1. Which one of the conditions (1) touching a helix residue (DSSP H, G or I) at 6+ places or on another chain (Cβ under 7 Å); (2) in contact (Cβ under 8 Å) with a residue 60 or more places away in the chain does A:Gly94 fail to meet, given that it meets all the rest?
2. Got at least one residue in the stretch B:32-42 being modelled with pLDDT of 95 or more, away from chain A (no Cβ under 14 Å) and on the phi > 0 side of the Ramachandran plot?
3. Mind listing whichever residues of the stretch A:351-370 are open to solvent by 40 Å² or more (accessible area, probe 1.4 Å) and assigned to a helix (DSSP H, G or I)?
4. If we only count helices (runs of 4 or more DSSP H) wholly inside the stretch A:82-186, which ones have 1 or more residues that are within 14 Å of chain B (Cβ to nearest Cβ)?
5. So for the stretch A:117-125 (the condition being more than 17 Å from the chain's Cα centre (by Cα), at pLDDT below 95 and among the aliphatic types (A, V, I, L, M)), does at least one residue qualify?
6. Take B:Leu16 and decide whether it is farther than 22 Å from B:Glu86 by Cβ, among the aliphatic types (A, V, I, L, M) and in contact with a helix residue (DSSP H, G or I) (Cβ under 9 Å, 6 or more places away or on another chain).
7. Of all residues in the stretch A:371-386, which are part of a helix (DSSP H, G or I) and in contact with a helix residue (DSSP H, G or I) (Cβ under 9 Å, 6 or more places away or on another chain)?
8. Of everything in the stretch B:48-66, what is within 11 Å of chain A (Cβ to nearest Cβ) and free of Cβ contacts under 8 Å to residues at least 24 places away in the same chain? Give them in sequence order.
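The values are calculated or read from the model by the stated rules, or taken from the named source; none is laboratory data. Just so we're clear, the structure is a prediction, and the values are computed from it rather than from any experiment. As a convention, Cβ positions derive from the backbone with ideal geometry for all residues, glycine included, and neighbour counts pool all protein chains shown. When the accessible area is computed, the model is the full protein with side chains, heavy atoms only, and any ligands, DNA or RNA have been set aside. Shrake-Rupley method; radii C 1.70, N 1.55, O 1.52, S 1.80 Å.
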Amino acid sequence: MLSITSARKTLNLVPTLLKAGYATAVSKTSNGVKIAALDESSPTASVSLVINAGSRFEPKDKAGIAHFVKNYGFKNNGKRSAFRIARETELVGGVLSSNLGRETISFTAECLKEDVPYFVEVFGDLVAQTKFAEHELHSVATEVAAECHLAESTPEIAVIDALHNAAFRNGLGNSVYAASYSDISTEDLKKFASQNFVANKVALVATGVSEAELKSLADSAFSHVAAGSAAKAEGAKYYGGDVRVAHNSSVGHVAIGHGAQISAFNYGYSDAGLFGVYAQASNKDITEAAKVAVASLKAAAKSVSADEFKRALAQAKFETAARYESRTSTTEILAAQALQGHKVTAEESLAALDNVQAADVSKLAAKFLSSKPTTVVLGQASALPYPEALF
Amino acid sequence: MSGITLVNQVKASKFLSGILTPVASAFVNASGYRKLGMRYDDILREETDIIREAINRLPENESYERFYRMKVACQYSLSHTIATKETALKPEDDIRYLTPIIDEVAAEFAEREDFNNIKSYSK
(Lines give C-alpha, C1' and ligand atoms only; values in the text may rest on other atoms or scores of the structure.)
Protein backbone atom coordinates (compact mmCIF):
# COMPACT_ATOMS: atom_id res chain seq x y z
CA MET A 1 0.00 0.00 0.00
CA LEU A 2 1.35 3.31 -0.97
CA SER A 3 -0.43 6.53 -0.33
CA ILE A 4 0.85 9.99 -1.03
CA THR A 5 -1.37 12.87 -0.14
CA SER A 6 -0.45 16.45 -0.55
CA ALA A 7 0.33 18.01 2.79
CA ARG A 8 -1.93 20.83 1.74
CA LYS A 9 -4.96 18.83 2.75
CA THR A 10 -3.68 17.87 6.15
CA LEU A 11 -2.49 21.32 7.06
CA ASN A 12 -5.90 22.86 7.24
CA LEU A 13 -5.13 25.58 4.82
CA VAL A 14 -6.81 28.71 3.69
CA PRO A 15 -6.06 30.09 0.29
CA THR A 16 -5.14 33.70 0.69
CA LEU A 17 -3.73 34.10 -2.77
CA LEU A 18 -6.68 36.27 -3.67
CA LYS A 19 -5.93 39.00 -1.22
CA ALA A 20 -5.17 41.54 -3.90
CA GLY A 21 -7.93 42.74 -6.15
CA TYR A 22 -10.99 41.38 -4.42
CA ALA A 23 -10.98 43.17 -1.10
CA THR A 24 -14.41 44.06 0.25
CA ALA A 25 -14.87 45.54 3.72
CA VAL A 26 -15.77 43.17 6.56
CA SER A 27 -18.58 44.39 8.82
CA LYS A 28 -17.82 44.98 12.50
CA THR A 29 -19.69 45.76 15.69
CA SER A 30 -19.04 49.13 17.30
CA ASN A 31 -16.25 47.73 19.50
CA GLY A 32 -14.57 45.85 16.67
CA VAL A 33 -15.89 42.26 16.63
CA LYS A 34 -15.72 41.13 13.02
CA ILE A 35 -18.87 39.63 11.56
CA ALA A 36 -19.16 37.28 8.61
CA ALA A 37 -22.13 35.16 7.60
CA LEU A 38 -23.27 33.06 4.71
CA ASP A 39 -27.02 32.72 4.52
CA GLU A 40 -27.92 29.35 3.07
CA SER A 41 -31.38 27.89 2.74
CA SER A 42 -30.94 25.05 5.23
CA PRO A 43 -33.06 24.57 8.36
CA THR A 44 -29.97 24.49 10.57
CA ALA A 45 -27.39 27.10 11.33
CA SER A 46 -23.91 27.21 12.80
CA VAL A 47 -22.25 30.00 14.75
CA SER A 48 -18.53 30.10 15.44
CA LEU A 49 -16.60 32.33 17.76
CA VAL A 50 -13.10 32.62 16.34
CA ILE A 51 -10.41 34.22 18.49
CA ASN A 52 -7.13 35.18 16.90
CA ALA A 53 -5.11 33.65 19.74
CA GLY A 54 -3.95 30.26 18.54
CA SER A 55 -0.80 28.49 19.62
CA ARG A 56 1.49 30.90 17.72
CA PHE A 57 0.50 33.70 20.11
CA GLU A 58 1.49 31.81 23.27
CA PRO A 59 4.03 33.56 25.50
CA LYS A 60 7.40 31.78 25.34
CA ASP A 61 7.35 30.58 28.95
CA LYS A 62 3.73 29.44 28.79
CA ALA A 63 3.76 26.97 25.91
CA GLY A 64 0.51 25.02 25.76
CA ILE A 65 -1.66 27.73 27.32
CA ALA A 66 -3.85 28.04 24.21
CA HIS A 67 -4.76 24.37 24.56
CA PHE A 68 -5.97 24.99 28.11
CA VAL A 69 -7.93 28.06 27.01
CA LYS A 70 -9.63 25.99 24.31
CA ASN A 71 -10.74 23.45 26.89
CA TYR A 72 -11.98 26.20 29.21
CA GLY A 73 -14.52 27.21 26.56
CA PHE A 74 -18.14 26.73 27.73
CA LYS A 75 -17.01 26.41 31.36
CA ASN A 76 -18.51 28.50 34.19
CA ASN A 77 -18.93 32.14 33.33
CA GLY A 78 -20.47 35.07 35.15
CA LYS A 79 -23.91 34.45 33.74
CA ARG A 80 -24.21 30.68 33.28
CA SER A 81 -22.55 27.63 34.78
CA ALA A 82 -20.93 25.04 32.52
CA PHE A 83 -23.70 22.68 33.56
CA ARG A 84 -26.40 25.11 32.51
CA ILE A 85 -24.77 25.73 29.12
CA ALA A 86 -24.52 21.99 28.50
CA ARG A 87 -28.10 21.28 29.57
CA GLU A 88 -29.62 24.23 27.73
CA THR A 89 -27.75 23.24 24.60
CA GLU A 90 -29.14 19.73 24.96
CA LEU A 91 -32.64 21.13 25.37
CA VAL A 92 -32.48 23.07 22.10
CA GLY A 93 -30.71 20.22 20.34
CA GLY A 94 -27.46 22.04 19.68
CA VAL A 95 -23.96 20.66 19.38
CA LEU A 96 -20.98 22.51 20.85
CA SER A 97 -17.39 22.02 19.84
CA SER A 98 -14.08 23.78 20.26
CA ASN A 99 -11.01 23.68 18.12
CA LEU A 100 -7.47 24.99 18.38
CA GLY A 101 -5.33 25.97 15.41
CA ARG A 102 -1.97 27.68 15.12
CA GLU A 103 -3.65 31.02 14.38
CA THR A 104 -7.02 30.76 16.09
CA ILE A 105 -9.05 29.22 18.88
CA SER A 106 -12.59 28.58 17.72
CA PHE A 107 -15.80 27.62 19.47
CA THR A 108 -18.70 26.39 17.38
CA ALA A 109 -22.37 25.79 17.99
CA GLU A 110 -24.55 24.00 15.47
CA CYS A 111 -28.23 24.49 16.06
CA LEU A 112 -31.63 25.22 14.61
CA LYS A 113 -31.95 28.66 13.07
CA GLU A 114 -34.28 29.97 15.77
CA ASP A 115 -31.71 29.27 18.51
CA VAL A 116 -28.90 31.34 17.05
CA PRO A 117 -29.57 34.31 19.42
CA TYR A 118 -29.03 32.05 22.45
CA PHE A 119 -25.64 30.83 21.26
CA VAL A 120 -24.47 34.32 20.26
CA GLU A 121 -25.26 35.38 23.82
CA VAL A 122 -23.33 32.39 25.22
CA PHE A 123 -20.34 33.35 23.06
CA GLY A 124 -20.53 36.95 24.26
CA ASP A 125 -20.40 35.73 27.88
CA LEU A 126 -17.61 33.28 27.06
CA VAL A 127 -15.43 36.14 25.83
CA ALA A 128 -16.32 38.66 28.52
CA GLN A 129 -17.00 36.61 31.64
CA THR A 130 -15.35 33.16 31.64
CA LYS A 131 -14.28 32.58 35.25
CA PHE A 132 -11.29 30.24 34.74
CA ALA A 133 -12.18 28.80 38.15
CA GLU A 134 -9.51 26.95 40.07
CA HIS A 135 -11.65 23.88 40.73
CA GLU A 136 -12.28 23.41 37.01
CA LEU A 137 -8.56 23.30 36.25
CA HIS A 138 -8.27 19.69 37.35
CA SER A 139 -10.82 18.40 34.84
CA VAL A 140 -9.51 20.70 32.11
CA ALA A 141 -5.96 19.45 32.68
CA THR A 142 -7.19 15.85 32.49
CA GLU A 143 -8.90 16.57 29.15
CA VAL A 144 -5.78 18.32 27.86
CA ALA A 145 -3.61 15.36 28.83
CA ALA A 146 -5.97 12.90 27.14
CA GLU A 147 -5.96 14.94 23.92
CA CYS A 148 -2.17 15.15 23.97
CA HIS A 149 -1.94 11.42 24.45
CA LEU A 150 -4.22 10.87 21.47
CA ALA A 151 -2.13 13.25 19.35
CA GLU A 152 1.10 11.53 20.31
CA SER A 153 -0.24 8.15 19.35
CA THR A 154 -1.64 9.38 16.03
CA PRO A 155 1.27 9.47 13.57
CA GLU A 156 -0.49 11.82 11.12
CA ILE A 157 -0.84 14.49 13.82
CA ALA A 158 2.62 13.95 15.31
CA VAL A 159 4.27 14.28 11.88
CA ILE A 160 2.57 17.57 11.03
CA ASP A 161 3.36 18.95 14.50
CA ALA A 162 7.02 17.99 14.19
CA LEU A 163 7.12 19.43 10.66
CA HIS A 164 5.89 22.82 11.91
CA ASN A 165 8.27 22.80 14.83
CA ALA A 166 11.27 22.08 12.61
CA ALA A 167 10.16 24.56 9.94
CA PHE A 168 9.36 27.56 12.15
CA ARG A 169 10.81 26.64 15.59
CA ASN A 170 8.69 29.11 17.58
CA GLY A 171 5.55 31.08 16.73
CA LEU A 172 4.00 28.94 14.01
CA GLY A 173 6.29 26.16 15.22
CA ASN A 174 4.54 26.01 18.59
CA SER A 175 2.67 22.78 19.07
CA VAL A 176 -1.10 23.03 19.30
CA TYR A 177 -0.90 20.43 22.06
CA ALA A 178 0.25 21.32 25.56
CA ALA A 179 3.29 19.34 26.66
CA SER A 180 2.87 17.15 29.73
CA TYR A 181 5.32 19.40 31.59
CA SER A 182 3.49 22.64 30.80
CA ASP A 183 2.84 24.52 34.01
CA ILE A 184 -0.33 26.58 33.57
CA SER A 185 -2.19 28.18 36.47
CA THR A 186 -5.58 29.87 36.45
CA GLU A 187 -3.75 33.18 36.95
CA ASP A 188 -1.86 32.60 33.69
CA LEU A 189 -5.13 31.74 31.96
CA LYS A 190 -6.86 34.88 33.24
CA LYS A 191 -3.95 37.00 32.05
CA PHE A 192 -3.94 35.32 28.64
CA ALA A 193 -7.69 35.82 28.35
CA SER A 194 -7.53 39.48 29.37
CA GLN A 195 -4.97 40.08 26.64
CA ASN A 196 -6.60 38.00 23.94
CA PHE A 197 -10.35 37.89 24.57
CA VAL A 198 -10.79 41.38 23.15
CA ALA A 199 -13.15 42.56 20.45
CA ASN A 200 -10.47 43.34 17.88
CA LYS A 201 -9.16 39.77 18.00
CA VAL A 202 -12.59 38.19 17.77
CA ALA A 203 -14.63 37.21 14.74
CA LEU A 204 -18.16 35.87 14.84
CA VAL A 205 -18.89 33.66 11.85
CA ALA A 206 -22.17 32.00 11.00
CA THR A 207 -23.82 29.97 8.30
CA GLY A 208 -27.57 29.93 7.85
CA VAL A 209 -28.01 33.45 9.24
CA SER A 210 -28.00 36.76 7.43
CA GLU A 211 -25.09 39.04 8.15
CA ALA A 212 -27.36 41.89 9.25
CA GLU A 213 -29.13 39.67 11.79
CA LEU A 214 -25.85 38.30 13.12
CA LYS A 215 -24.52 41.83 13.49
CA SER A 216 -27.50 43.05 15.50
CA LEU A 217 -27.24 39.99 17.79
CA ALA A 218 -23.51 40.50 18.26
CA ASP A 219 -23.97 44.21 18.94
CA SER A 220 -25.84 43.44 22.15
CA ALA A 221 -24.11 40.16 23.15
CA PHE A 222 -20.57 41.53 22.76
CA SER A 223 -21.22 45.04 24.07
CA HIS A 224 -19.29 44.34 27.31
CA VAL A 225 -16.18 43.09 25.54
CA ALA A 226 -13.18 45.42 25.75
CA ALA A 227 -12.04 46.65 22.35
CA GLY A 228 -8.33 45.85 22.78
CA SER A 229 -6.02 45.79 19.80
CA ALA A 230 -5.79 43.44 16.84
CA ALA A 231 -3.50 40.41 17.02
CA LYS A 232 0.05 41.05 15.92
CA ALA A 233 2.15 37.98 15.37
CA GLU A 234 5.91 38.05 15.29
CA GLY A 235 6.72 37.53 11.62
CA ALA A 236 7.18 33.86 10.92
CA LYS A 237 10.71 32.91 9.98
CA TYR A 238 11.36 29.71 8.09
CA TYR A 239 14.28 27.58 9.25
CA GLY A 240 13.86 24.04 7.92
CA GLY A 241 15.63 20.96 9.17
CA ASP A 242 15.45 17.28 9.75
CA VAL A 243 13.48 15.53 12.50
CA ARG A 244 13.38 11.83 13.21
CA VAL A 245 10.74 10.51 15.57
CA ALA A 246 10.92 6.95 16.85
CA HIS A 247 7.39 5.66 17.04
CA ASN A 248 5.85 2.25 17.45
CA SER A 249 4.07 2.43 14.12
CA SER A 250 3.68 -0.42 11.66
CA VAL A 251 4.07 1.92 8.70
CA GLY A 252 6.71 4.56 8.05
CA HIS A 253 5.80 8.22 7.59
CA VAL A 254 7.80 10.82 5.69
CA ALA A 255 6.78 14.46 5.37
CA ILE A 256 8.77 16.91 3.31
CA GLY A 257 7.90 20.58 3.55
CA HIS A 258 9.16 23.78 2.02
CA GLY A 259 8.55 27.14 3.54
CA ALA A 260 7.65 30.32 1.83
CA GLN A 261 7.28 33.87 2.92
CA ILE A 262 4.47 35.99 1.51
CA SER A 263 4.37 35.66 -2.26
CA ALA A 264 1.88 35.51 -5.08
CA PHE A 265 0.82 32.14 -3.78
CA ASN A 266 0.50 31.65 -0.10
CA TYR A 267 -1.10 28.55 1.25
CA GLY A 268 -1.38 28.35 4.96
CA TYR A 269 -1.13 31.06 7.56
CA SER A 270 -1.56 34.80 7.58
CA ASP A 271 2.09 35.50 6.84
CA ALA A 272 3.77 32.23 5.93
CA GLY A 273 3.03 28.82 4.60
CA LEU A 274 4.25 25.31 4.41
CA PHE A 275 3.97 23.36 1.23
CA GLY A 276 4.97 19.78 0.84
CA VAL A 277 4.26 16.13 0.45
CA TYR A 278 3.45 13.49 2.97
CA ALA A 279 4.06 9.81 2.31
CA GLN A 280 2.93 6.87 4.32
CA ALA A 281 3.97 3.34 3.37
CA SER A 282 5.38 0.14 4.79
CA ASN A 283 8.93 0.48 6.08
CA LYS A 284 10.19 -1.44 3.03
CA ASP A 285 8.58 0.88 0.48
CA ILE A 286 8.73 4.23 2.21
CA THR A 287 12.07 5.36 0.72
CA GLU A 288 10.79 4.64 -2.78
CA ALA A 289 7.50 6.43 -2.07
CA ALA A 290 9.20 9.53 -0.73
CA LYS A 291 11.60 9.56 -3.69
CA VAL A 292 8.70 9.43 -6.13
CA ALA A 293 7.07 12.34 -4.32
CA VAL A 294 10.21 14.48 -4.39
CA ALA A 295 10.84 13.58 -8.04
CA SER A 296 7.36 14.74 -9.01
CA LEU A 297 7.94 18.07 -7.29
CA LYS A 298 11.28 18.45 -9.06
CA ALA A 299 9.70 17.63 -12.40
CA ALA A 300 7.03 20.25 -11.78
CA ALA A 301 9.77 22.79 -11.08
CA LYS A 302 11.28 22.16 -14.52
CA SER A 303 8.12 22.36 -16.57
CA VAL A 304 4.47 21.51 -16.38
CA SER A 305 2.88 20.10 -19.54
CA ALA A 306 -0.36 21.61 -20.82
CA ASP A 307 -2.27 18.39 -20.08
CA GLU A 308 -0.94 18.10 -16.56
CA PHE A 309 -1.75 21.72 -15.91
CA LYS A 310 -5.30 21.35 -17.20
CA ARG A 311 -5.85 18.37 -14.93
CA ALA A 312 -4.38 20.13 -11.91
CA LEU A 313 -6.43 23.25 -12.61
CA ALA A 314 -9.63 21.21 -12.77
CA GLN A 315 -8.76 19.54 -9.48
CA ALA A 316 -7.93 22.85 -7.85
CA LYS A 317 -11.21 24.32 -9.04
CA PHE A 318 -13.14 21.37 -7.70
CA GLU A 319 -11.40 21.57 -4.33
CA THR A 320 -11.97 25.31 -4.11
CA ALA A 321 -15.65 24.98 -4.94
CA ALA A 322 -16.06 22.00 -2.62
CA ARG A 323 -14.59 23.99 0.26
CA TYR A 324 -17.52 26.38 0.01
CA GLU A 325 -19.97 23.47 0.17
CA SER A 326 -19.13 21.98 3.55
CA ARG A 327 -20.12 23.92 6.66
CA THR A 328 -16.83 23.37 8.51
CA SER A 329 -14.64 24.61 5.70
CA THR A 330 -16.98 27.49 4.88
CA THR A 331 -16.71 28.60 8.48
CA GLU A 332 -12.92 28.31 8.30
CA ILE A 333 -12.77 30.39 5.13
CA LEU A 334 -15.12 33.06 6.46
CA ALA A 335 -13.21 33.30 9.75
CA ALA A 336 -9.81 33.63 8.09
CA GLN A 337 -11.16 36.23 5.72
CA ALA A 338 -12.89 38.19 8.49
CA LEU A 339 -9.75 38.27 10.66
CA GLN A 340 -7.59 39.29 7.73
CA GLY A 341 -10.14 41.89 6.74
CA HIS A 342 -11.10 40.90 3.20
CA LYS A 343 -13.87 38.89 1.64
CA VAL A 344 -13.71 36.57 -1.36
CA THR A 345 -16.66 34.65 -2.77
CA ALA A 346 -16.46 31.18 -4.31
CA GLU A 347 -16.94 32.65 -7.80
CA GLU A 348 -14.10 35.09 -7.30
CA SER A 349 -11.81 32.30 -6.07
CA LEU A 350 -12.59 30.25 -9.14
CA ALA A 351 -12.10 33.22 -11.45
CA ALA A 352 -8.70 33.89 -9.89
CA LEU A 353 -7.60 30.32 -10.59
CA ASP A 354 -8.16 30.98 -14.30
CA ASN A 355 -5.41 33.60 -14.22
CA VAL A 356 -2.82 31.01 -13.22
CA GLN A 357 -0.49 29.82 -16.00
CA ALA A 358 1.49 26.59 -16.24
CA ALA A 359 4.71 28.60 -16.08
CA ASP A 360 3.64 30.15 -12.75
CA VAL A 361 3.29 26.69 -11.28
CA SER A 362 6.77 25.56 -12.21
CA LYS A 363 8.23 28.91 -11.14
CA LEU A 364 6.60 28.48 -7.76
CA ALA A 365 7.70 24.86 -7.44
CA ALA A 366 11.27 25.95 -8.22
CA LYS A 367 11.00 28.68 -5.59
CA PHE A 368 9.79 26.19 -3.02
CA LEU A 369 12.56 23.75 -3.82
CA SER A 370 15.19 26.46 -3.47
CA SER A 371 14.39 26.85 0.24
CA LYS A 372 15.95 24.49 2.75
CA PRO A 373 13.63 21.52 3.09
CA THR A 374 12.05 20.38 6.32
CA THR A 375 11.83 16.64 6.60
CA VAL A 376 10.15 14.62 9.28
CA VAL A 377 10.32 10.87 9.43
CA LEU A 378 8.27 8.97 11.95
CA GLY A 379 8.13 5.27 12.58
CA GLN A 380 10.86 2.68 13.08
CA ALA A 381 13.55 5.34 12.77
CA SER A 382 16.41 3.00 11.93
CA ALA A 383 14.63 1.78 8.81
CA LEU A 384 13.60 5.21 7.54
CA PRO A 385 15.51 7.29 4.98
CA TYR A 386 17.66 10.37 5.68
CA PRO A 387 16.87 13.46 3.62
CA GLU A 388 20.06 13.10 1.50
CA ALA A 389 18.67 9.86 0.10
CA LEU A 390 15.54 11.60 -1.15
CA PHE A 391 16.80 14.69 -2.98
CA MET B 1 -27.85 27.18 53.96
CA SER B 2 -31.49 26.75 54.73
CA GLY B 3 -34.02 28.30 57.07
CA ILE B 4 -35.52 31.74 57.38
CA THR B 5 -32.95 34.43 57.91
CA LEU B 6 -33.24 38.13 58.60
CA VAL B 7 -29.52 38.72 58.49
CA ASN B 8 -29.67 41.11 55.54
CA GLN B 9 -32.41 43.20 57.13
CA VAL B 10 -30.47 43.39 60.38
CA LYS B 11 -27.27 44.35 58.58
CA ALA B 12 -29.11 47.06 56.66
CA SER B 13 -30.59 48.65 59.79
CA LYS B 14 -28.18 50.64 61.96
CA PHE B 15 -30.49 50.37 64.94
CA LEU B 16 -30.95 46.58 64.84
CA SER B 17 -27.29 45.81 64.17
CA GLY B 18 -26.31 48.21 66.95
CA ILE B 19 -28.33 46.15 69.42
CA LEU B 20 -27.66 42.69 68.04
CA THR B 21 -23.93 42.84 67.21
CA PRO B 22 -22.77 42.83 70.87
CA VAL B 23 -25.21 40.00 71.63
CA ALA B 24 -23.87 38.02 68.66
CA SER B 25 -20.26 38.61 69.71
CA ALA B 26 -20.99 37.44 73.22
CA PHE B 27 -22.68 34.33 71.83
CA VAL B 28 -19.74 33.51 69.56
CA ASN B 29 -17.26 33.99 72.40
CA ALA B 30 -19.34 31.77 74.66
CA SER B 31 -19.45 29.01 72.02
CA GLY B 32 -15.71 28.75 72.50
CA TYR B 33 -14.36 27.62 69.13
CA ARG B 34 -12.09 30.66 68.91
CA LYS B 35 -10.47 29.54 72.17
CA LEU B 36 -9.37 26.41 70.31
CA GLY B 37 -7.87 28.56 67.56
CA MET B 38 -10.60 27.74 65.04
CA ARG B 39 -12.66 29.78 62.63
CA TYR B 40 -16.44 29.52 62.28
CA ASP B 41 -16.14 27.86 58.88
CA ASP B 42 -13.94 25.12 60.43
CA ILE B 43 -16.76 23.83 62.60
CA LEU B 44 -19.46 23.60 59.95
CA ARG B 45 -20.84 20.07 59.63
CA GLU B 46 -18.65 18.45 57.01
CA GLU B 47 -20.80 15.43 56.21
CA THR B 48 -22.94 16.91 53.44
CA ASP B 49 -22.37 16.71 49.70
CA ILE B 50 -22.33 20.47 49.39
CA ILE B 51 -19.72 21.13 52.06
CA ARG B 52 -17.56 18.23 50.97
CA GLU B 53 -17.52 19.62 47.43
CA ALA B 54 -16.81 23.14 48.76
CA ILE B 55 -13.86 21.84 50.78
CA ASN B 56 -12.52 20.12 47.66
CA ARG B 57 -12.53 23.46 45.90
CA LEU B 58 -10.46 25.28 48.53
CA PRO B 59 -7.14 26.60 47.30
CA GLU B 60 -4.23 24.48 48.49
CA ASN B 61 -2.96 26.92 51.13
CA GLU B 62 -6.44 27.50 52.60
CA SER B 63 -7.06 23.78 52.91
CA TYR B 64 -3.63 23.29 54.53
CA GLU B 65 -4.34 26.00 57.08
CA ARG B 66 -7.75 24.50 57.78
CA PHE B 67 -6.19 21.15 58.64
CA TYR B 68 -3.52 22.86 60.70
CA ARG B 69 -6.14 24.70 62.81
CA MET B 70 -7.97 21.41 63.36
CA LYS B 71 -4.79 19.68 64.49
CA VAL B 72 -4.09 22.52 66.91
CA ALA B 73 -7.65 22.28 68.27
CA CYS B 74 -7.29 18.52 68.76
CA GLN B 75 -4.06 19.14 70.62
CA TYR B 76 -5.76 21.63 72.96
CA SER B 77 -8.53 19.14 73.54
CA LEU B 78 -6.14 16.26 74.28
CA SER B 79 -4.11 18.31 76.71
CA HIS B 80 -7.27 19.75 78.34
CA THR B 81 -6.15 23.32 77.77
CA ILE B 82 -7.45 26.27 75.79
CA ALA B 83 -5.64 29.11 74.12
CA THR B 84 -4.64 32.09 76.16
CA LYS B 85 -6.22 35.44 75.42
CA GLU B 86 -3.23 36.30 73.17
CA THR B 87 -3.17 33.04 71.19
CA ALA B 88 -6.94 32.61 70.79
CA LEU B 89 -8.33 33.45 67.37
CA LYS B 90 -9.05 37.17 67.14
CA PRO B 91 -12.53 38.18 65.97
CA GLU B 92 -11.05 39.98 62.95
CA ASP B 93 -9.26 36.73 61.93
CA ASP B 94 -12.51 34.75 61.98
CA ILE B 95 -12.81 34.95 58.22
CA ARG B 96 -15.59 33.14 56.36
CA TYR B 97 -13.22 31.55 53.85
CA LEU B 98 -15.56 28.64 53.03
CA THR B 99 -18.99 30.28 53.04
CA PRO B 100 -18.74 31.94 49.62
CA ILE B 101 -17.70 28.61 48.09
CA ILE B 102 -20.54 26.82 49.91
CA ASP B 103 -23.04 29.32 48.51
CA GLU B 104 -21.67 28.81 45.02
CA VAL B 105 -21.81 25.01 45.28
CA ALA B 106 -25.30 25.12 46.82
CA ALA B 107 -26.47 27.24 43.89
CA GLU B 108 -24.95 24.75 41.45
CA PHE B 109 -26.61 21.81 43.23
CA ALA B 110 -29.96 23.59 43.22
CA GLU B 111 -29.56 24.35 39.53
CA ARG B 112 -28.78 20.70 38.82
CA GLU B 113 -31.84 19.67 40.81
CA ASP B 114 -34.00 22.10 38.82
CA PHE B 115 -32.74 20.78 35.49
CA ASN B 116 -33.27 17.17 36.59
CA ASN B 117 -36.91 17.97 37.34
CA ILE B 118 -37.47 20.12 34.30
CA LYS B 119 -40.69 19.82 32.34
CA SER B 120 -40.13 20.54 28.68
CA TYR B 121 -42.89 21.62 26.38
CA SER B 122 -42.98 22.53 22.72
CA LYS B 123 -43.21 26.17 21.79
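1. All conditions are met except number (2).
2. no
3. Within the stretch A:351-370, A:Ala351, A:Asp354, A:Ala359, A:Asp360, A:Val361, A:Lys363, A:Ala366, A:Lys367, A:Leu369, A:Ser370 meet the criteria.
4. A:82-92, A:116-129, A:134-152
5. Within the stretch A:117-125 (the criterion being more than 17 Å from the chain's Cα centre (by Cα), at pLDDT below 95 and among the aliphatic types (A, V, I, L, M)), the answer is no, since none of the residues qualifies.
6. yes
7. Residues of the stretch A:371-386 that are part of a helix (DSSP H, G or I), as a first pass: A:381-383.
Scanning the stretch A:371-386 gives a single hit, A:Ala383.
8. Residues satisfying the conditions are B:Asn56, B:Pro59, B:Glu60.
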